[in-house]
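One structure below.
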């Protein structure tokens with residue numbers, strides 16, 4: 001029934017007027033279920049020529065895969081078939097194939113993170129029917145919580161039992177001392193295993209925290225790499241709006257008054273940069289020191305016409321779109337023209353036509369293997385900004401925008417490791433996560449900057465050239 005329902009859903013999507021807007025993927029737990037869905041869909045497509053044509057018009061082909069071989073694939077919409085359920089007597093086995101093996105939770109994690117926009121879960125099994133007393137497999141536990149979220153749209157908070165460890169004691173001591181000085185303070189803030197140890201409420205806005213304090217306790221030492229401890233974790237908190245400082249346990253033990261004085265000193269500097277959590281001075285940045293690259297995040301404006309674009313020639317329409325939305329890639333310009341022509345697929349004829357228009361009427365900027373389209377060279381020479389994706393795929397963002405976003409991030413950080421850099425730039429461009437395509441595009445942008453000597457690399461650390 002799950003397989004039949006999924007195929008019906010795909011058919012309805014292909015029959016809709018905007019079916020080509022979003023790509024589709026199907027994930028099944030088992031190969032048997034994968035084969036069944038594949039056979040049912042193939043049968044539907046073979047019997048309906050229009051349906052087959054609609055599927056071919058998708059900008060990414062439909063995939064149907066199982067838990068074992070879906071790694072690396074993404075689609076806008078994922079239909080997920082669980083495939084397990086009660087037997088004829090209403091009993092549920094706690095055997096969920098690969099999820100019961102060591103590392104099974106990693107397979108589940110891959111599967112549930114394949115959707116760019118939306119995931120729909122098809123299941124005959126409810127979360128309440130998975131009895132964790134009968135299995136110790138982390139993958140099965142993950143499936144139960146995933147189904148709970150799918151059913152309720154609420155993240156289930158598991159009990160976070162923490163021992164009365166030294167960092168817990170120190171966080172309570174710091175909080176108690178700050179409270180005696182009139183501050184409103186909470187401890188152990190967060191929904192995951194990673195917590196902000198001490199959080200000080202903003203005296204002017206009780207709905208926000210003015211500062212978070214991280215200790216070098218259990219979570220700090222359990223974090224596997226220095227990069228995660230000193231760059232990724234505090235950077236993510238900063239992106240979420242936290243102002244963070246680090247307090248070392250030995251400093252608190254040796255001189256608690258000095259630590260409290262340092263915290264209050266930072267709190268009182270309302271209009272100055274807050275202390276960063278990282279002891280590596282290459283990451284301790286003050287953004288006001290360097291103003292080399294323009295901080296210029298522009299809003300993406302799309303071409304809107306009150307006229308009937310169907311009556312426009314391809315040359316006029318292409319020029320109007322580019323004038324409004326430049327810089328653009330060739331394929332994205334063609335895609336926008338299709339939108340205004342109410343067609344769903346960039347045909348070879350349209351691609352050839354627009355290529356001819358570009359060659360004769362527009363300015364094509366070459367950076368490495370990338371071609372960027374402008375109305376004229378002056379716009380290309382004066383452009384210093386970037387725009388968030390605004391619905392564009394990473395492959396549809398001109399390389400110059402990616403380069404500018406990278407360069408600005410390096411300027412702000414003074415120096416930063418490559419992995420942390422691509423994480424920040426992906427967020428800056430509006431991507432919630434780094435898939436293979438995003439990673440590749442960011443690496444291409446970084447390579448172009450290195451070749452142009454706009455940034456330099458030394459021992460895996462990216463920074464601005466010395467003369468800047």
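Every read-out reported here was derived from the displayed coordinates using simple, explicitly stated rules and does not represent laboratory data. What you see is a predicted model; the values in this text were computed from it and never measured. Here the Cβ is made from the backbone with ideal geometry for all residues, glycine too, and neighbour counts use every protein chain on show.
Numerical summary
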quantity	calculated
Burial ordering of 458, 336, 324, fewest other beta-carbon atoms within 10 Å first	458, 324, 336
Inter-probe distance in nm under a simple model that places probes 7 Å from Cα toward Cβ, at residue 447 and residue 91	5.8 nm
Mean ellipticity per residue at 222 nm, deg cm²/dmol - from DSSP H runs of n ≥ 4 across the chain, formula -39500 (n - 2.57)	-12500 deg cm²/dmol
Net length gained if the chain between residue 382 and residue 436 were fully extended (0.36 nm per residue, minus Cα distance)	16.3 nm
Percentage relative contact order, the chain, counting C-alpha pairs under 8 Å, at least six apart	9 percent
Fewest-first sequence of 347, 171 by Cβ atoms within 10 Å of each Cβ	347, 171
Chain lengthening between residue 172 and residue 186 when straightened (0.36 nm per residue, less Cα-Cα)	4.1 nm
Rg/Rg_globular for the chain, with Rg_globular taken as 2.2 N^0.38 Å and Rg from C-alpha atoms	1.17
Of all DSSP beta bridges in the chain, antiparallel share, percent nearest 5	50 percent
